[in-house]
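Written below as structure tokens is the structure these notes are about.
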Amino acid sequence: MELYFKLTISYRDFLTYYQGLADKIEVRETQGRILWINGRHFRRFLTENGIQGYFKLVLDDKGQFVSLNRV
């Protein structure tokens, strides 16, 4: 299953996820469903400006995480 969503989060706001103080990031995918994604999957996208972009989340048949990429 492929799910698409846009995310804009500042560097400062993401620090709680990066430091492990919070774990899930809530996003709304293009079909309107709310997703809770573990913040650790976003760490590689963090820049000094935070995280910004359009992303594709891939889940397996059981709904388990497979990959997350910026598109």
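Readers should treat all values here as calculations from the given coordinates under stated rules, not as data from a laboratory. All figures in this text were calculated on a predicted structure; none of them were measured in a lab. Methodologically, a virtual Cβ is constructed for each residue, glycine included, from the backbone with ideal geometry; neighbour enumeration extends over all protein chains shown.
I'd like to compare 19-25, 1-7: which one has the highest average count of other Cβ atoms within 10 Å, and what's the full order after that?
1-7, 19-25
Tyr54 to Leu21: FRET efficiency via 1/(1 + (r/R0)^6), r the Cβ-Cβ distance, R0 35 Å, to the nearest 0.05? Intermediate values should be presented prior to the final figure.
Details: r = 27 Å, r/R0 = 0.76.
Calculated transfer efficiency: 0.85.
In segment 40-71, which trypsin sites (Lys or Arg not before Pro) are in a loop and have at most 13 other Cβ atoms within 10 Å, using DSSP for the loop call?
Within segment 40-71, the qualifying trypsin sites (Lys or Arg not before Pro) (loop, at most 13 other Cβ atoms within 10 Å) are Lys62.
Relative contact order for the chain: what percent, with Cα pairs under 8 Å and sequence separation of 6 or more?
38 percent
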